[in-house]
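The values are calculated or read from the model by the stated rules, or taken from the named source; none is laboratory data. Model, not experiment: these values are computed from the prediction. Because the Cβ atoms are built from the backbone with ideal geometry, glycine has one as well, and the counts that use them run over all protein chains shown. Accessible surface areas use protein heavy atoms only, side chains included; no ligands, DNA or RNA. Shrake-Rupley method; radii C 1.70, N 1.55, O 1.52, S 1.80 Å.
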Amino acid sequence: MKTQPIFLLAILLSMSFSLCGQKTQYNLMECLAIASENSIAIKQALLDVENAEISNQQAKANFFPNINASLNHSWNIGLNQNITTGLLENITTQFSSASISMNNNVYNGKRKFLELYRSNLTILSNNLNLEEIRTNIFILVANAYLQIMLNRELYQVNQIQLELSKTELDRTKNLIQAGVLIPSEVHELEANIASQEQTLIVAENNLRISKISLAQILLITDYEHFDIDDEKFNVPFSSILAVNPKDIYNKAVEARATIKISKTNVDLAASDLAISKTALLPSLSAYYSYNTRISYSDRLVGAGTFTERPIGVVEETGQKVITQVNESKVVGPIPFFDQWTLNDGHNFGLSLSIPILNGKAARSNVNRSLVNLQKAEEQYQQDRLNFESTINEAYNSARGAYRLYQASLKTENFRENAYQVAQNRFQAGTLNAFELVQAQQRYEIAASDLIRSKYDYILKLKVLELYFGLPLNIEDIIETAD
């Protein structure tokens with residue numbers, strides 16, 4: 001499977017900064033690398049891929065025959081028949097045996113091929129799931145990273161506004177001493193400064209919380225020293241906003257893993273159906289076994305000397321019938337390897353199994369697999385509809401966010417001009433402090449709205465680009481801080 005460029009870059013960055021000691025400030029690409037390395041969800045997805053590859057190796061090994069060997073040595077102690085004398089005696093006898101067997105399924109409805117095909121689909125599905133999890137983690141990290149930048153800019157703007165208000169208060173006191181303004185104008189300005197100090201405290205707290213949130217996502221526990229680089233983002237305009245949402249959807253279906261996973265689930269369900277049908281077909285197996293047995297007991301053999309023994313009498317004459325009997329003697333057992341060949345045996349053949357009646361278990365599995373296939377197909381269609389709706393929503397959100405940013409930019413510019421005019425009028429004594437504070441607050445709200453709309457647009461644009469199959473690249477919008 002083709003690895004995403006963002007993932008390769010993240011891994012390289014992870015290796016580079018891990019060798020340079022513990023860092024406390026990270027840029028976005030380094031945060032993505034840390035997330036890729038530390039994310040529990042990604043680690044679990046990697047284990048699922050590894051598990052699928054193990055199952056695939058097992059499916060390949062099923063094509064080989066089953067071979068088993070066994071060795072056995074036994075002792076019989078106690079009252080047993082002496083195989084040499086035929087008498088019952090308290091003796092100890094020993095025997096050894098060995099066997100090897102092999103069996104292989106010759107035909108079972110191509111079940112092994114179907115299982116191998118399914119294991120390949122499982123690997124594909126788990127890799128697609130890993131890709132989707134990585135993408136979602138990267139979006140989550142990017143969102144948390146941009147939230148820090150948003151809160152940082154808001155904090156900096158509040159700091160600047162507070163300093164301007166303090167400067168304005170000092171200027172006002174000088175104008176009061178000069179007799180241009182009346183002393184009551186000071187109270188409104190002092191109340192405004194107190195309010196701005198409260199806002200600054202809230203902004204500082206939000207900044208700290210957003211840093212902790214990103215650190216938790218990255219599984220970094222040193223919250224106090226964790227921070228991101230001092231980067232500034234320009235506001236980009238992507239040509240993707242001029243693309244038809246339908247074209248974005250068609251491209252996303254090919255690029256993103258979301259729909260591929262759903263389609264693979266249909267293929268898996270179809271494969272399960274085909275495998276379940278093989279249980280309705282006859283299966284043919286071939287088998288072979290070899291075994292031998294070794295005895296360690298003494299044995300009786302002919303001694304080579306013969307004696308005459310009567311075995312009967314002729315009735316007419318009364319003459320005895322004599323025969324020669326070979327005398328026996330006790331000798332040791334036959335040599336081990338001689339017994340191995342003398343006592344061995346072979347067994348081989350074919351076994352045909354025909355399913356006739358099994359409580360409808362096989363047929364029920366087929367029907368169940370058919371239902372699961374239909375469910376997977378319906379879910380695939382639903383996922384396509386949901387994905388198309390998500391694309392349209394992401395497109396409209398990105399386009400709306402860009403228009404909102406443009407409107408916020410105009411509003412902030414107008415509010416700034418109005419505030420400057422109010423300052424001039426206040427210093428000239430034609431505007432009171434309350435009206436000045438009102439103009440300043442409207443300007444501060446416009447400045448904050450501009451910052452929020454800026455980062456909201458950047459995030460939504462990058463999400464839309466990911467849907468379009470573009471890598472998560474921010475180098476084109478980074479402005480290096482002085």
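Can you go through ALA394, ALA401, ALA376 and tell me which one is crowded, with 18+ Cβ neighbours inside 10 Å, of a type in the set (A, V, I, L, M, F, W, C) and touching an Asp or Glu at 6+ places or on another chain (Cβ under 7 Å)?
Sole residue among the options that is crowded, with 18+ Cβ neighbours inside 10 Å, of a type in the set (A, V, I, L, M, F, W, C) and touching an Asp or Glu at 6+ places or on another chain (Cβ under 7 Å): ALA401.
Scanning the range 239-248 finds one or more residues that are open to solvent by less than 40 Å² (accessible area, probe 1.4 Å), touching a residue at least 12 places away in the same chain (Cβ under 8 Å) and closer than 29 Å to ALA41 by Cα. Count of the range 415-437 residues, restricted to those that are of a type outside the set (A, V, I, L, M, F, W, C) and touching a residue at least 12 places away in the same chain (Cβ under 8 Å), is 8.
Residues that are within 24 Å of GLU378 (Cβ to Cβ) and not in a helix (DSSP H, G or I) within the range 219-263 comprise just one, ARG256.
Evaluate the range 418-427: report whether one residue or more is at pLDDT below 85 and either open to solvent by 10 Å² or more (accessible area, probe 1.4 Å) or within 30 Å of TYR395 (Cβ to Cβ) (or both). The answer is yes; a qualifying residue exists.
Among residues that are open to solvent by less than 40 Å² (accessible area, probe 1.4 Å), without any contact (Cβ under 8 Å) to a residue 40 or more places away in the chain and not in a helix (DSSP H, G or I), GLY109 is not included.
Of note, THR292 does not satisfy the criterion of being outside any strand (DSSP E or B) and either surrounded by 12 or more Cβ atoms within 10 Å (Cβ to Cβ) or hydroxyl-bearing (Ser, Thr, Tyr) (or both). In the set (1) open to solvent by less than 40 Å² (accessible area, probe 1.4 Å); (2) on the phi > 0 side of the Ramachandran plot; (3) not hydrophobic (A, V, I, L, M, F, W, C), the condition left unmet by GLY179 is number (1).
For the subset of the range 206-218 comprising residues that are touching a residue at least 60 places away in the same chain (Cβ under 8 Å) and part of a helix (DSSP H, G or I), which member is nearest to the chain's Cα centre (by Cα)? Filtering first and then ranking leaves ILE217. The residues on offer are ALA203, ALA194, ALA178, and the sole one that is more than 27 Å from LYS232 (Cβ to Cβ), at pLDDT 90 or above and out of contact with any Asp or Glu (no Cβ under 7 Å at 6 or more places or on another chain) is ALA194. All of ASN396, ASN424, ASN386 fail the test of being over 28 Å from the mean Cα position of the chain (by Cα) and farther than 20 Å from PHE237 by Cα, apart from ASN424.
Give me the pairs, please: first residue somewhere in the range 275-294 and closer than 14 Å to LEU71 by Cα, second residue anywhere and in a helix (DSSP H, G or I) and β-branched (Val, Ile, Thr), beta-carbon distance under 9 Å, and either six or more positions apart or on two chains. Every condition considered, the pairs that remain are THR292/THR341. Going by the structure shown, is LEU162 among the hydrophobic types (A, V, I, L, M, F, W, C), in contact (Cβ under 8 Å) with a residue 24 or more places away in the chain and part of a helix (DSSP H, G or I)? So LEU162 passes the test. The condition of being open to solvent by 60 Å² or more (accessible area, probe 1.4 Å) and either under 27 Å from GLU37 (Cα atoms) or touching a strand residue (DSSP E or B) at 6+ places or on another chain (Cβ under 6 Å) (or both) holds for only one of ASN127, ASN104, ASN136, that being ASN136. For the range 354-369, name all the residues that are open to solvent by 60 Å² or more (accessible area, probe 1.4 Å) and either among the small types (Gly, Ala, Ser) or free of Cβ contacts under 8 Å to residues at least 12 places away in the same chain (or both). Of everything in the range 354-369, those that are open to solvent by 60 Å² or more (accessible area, probe 1.4 Å) and either among the small types (Gly, Ala, Ser) or free of Cβ contacts under 8 Å to residues at least 12 places away in the same chain (or both) turn out to be ILE356, LEU357, ASN358, GLY359, LYS360, ASN367. Checking the stated criteria, ALA401 turns out not to satisfy the condition of being in a helix (DSSP H, G or I) and over 35 Å from the mean Cα position of the chain (by Cα). Only one entry of LEU200, LEU162, LEU175, LEU169 meets the criterion of being closer than 30 Å to LYS460 by Cα and not charged (D, E, K, R), and that entry is LEU200.
Taking each residue of the range 370-383 that is free of Cβ contacts under 8 Å to residues at least 40 places away in the same chain and more than 11 Å from LYS263 (Cα to Cα) and looking for partners that are assigned to a helix (DSSP H, G or I) and among the small types (Gly, Ala, Ser) with beta-carbon atoms closer than 9 Å, six or more apart or interchain, yields GLN374/ALA269; GLN382/SER262.
Among the residues of the range 444-460, those identified as surrounded by 20 or more Cβ atoms within 10 Å (Cβ to Cβ) and free of Cβ contacts under 8 Å to residues at least 60 places away in the same chain are ALA446, LEU450, SER453, ASP456. Selection of the range 244-273 for residues being at pLDDT 95 or above and more than 24 Å from the chain's Cα centre (by Cα) yields only LEU273. Taken as a whole, the range 295-310 holds no residue that is open to solvent by 40 Å² or more (accessible area, probe 1.4 Å), aliphatic (A, V, I, L, M) and free of Cβ contacts under 8 Å to residues at least 24 places away in the same chain. Residues of the range 15-40 being at pLDDT 85 or above, open to solvent by 40 Å² or more (accessible area, probe 1.4 Å) and either of a type in the set (A, V, I, L, M) or more than 23 Å from LEU146 (Cβ to Cβ) (or both), which ones? ILE40, the sole residue that qualifies.
For the range 219-238, the set of residues classified as of a type in the set (Ser, Thr, Tyr), open to solvent by 70 Å² or more (accessible area, probe 1.4 Å) and in contact (Cβ under 8 Å) with a residue 60 or more places away in the chain is empty.
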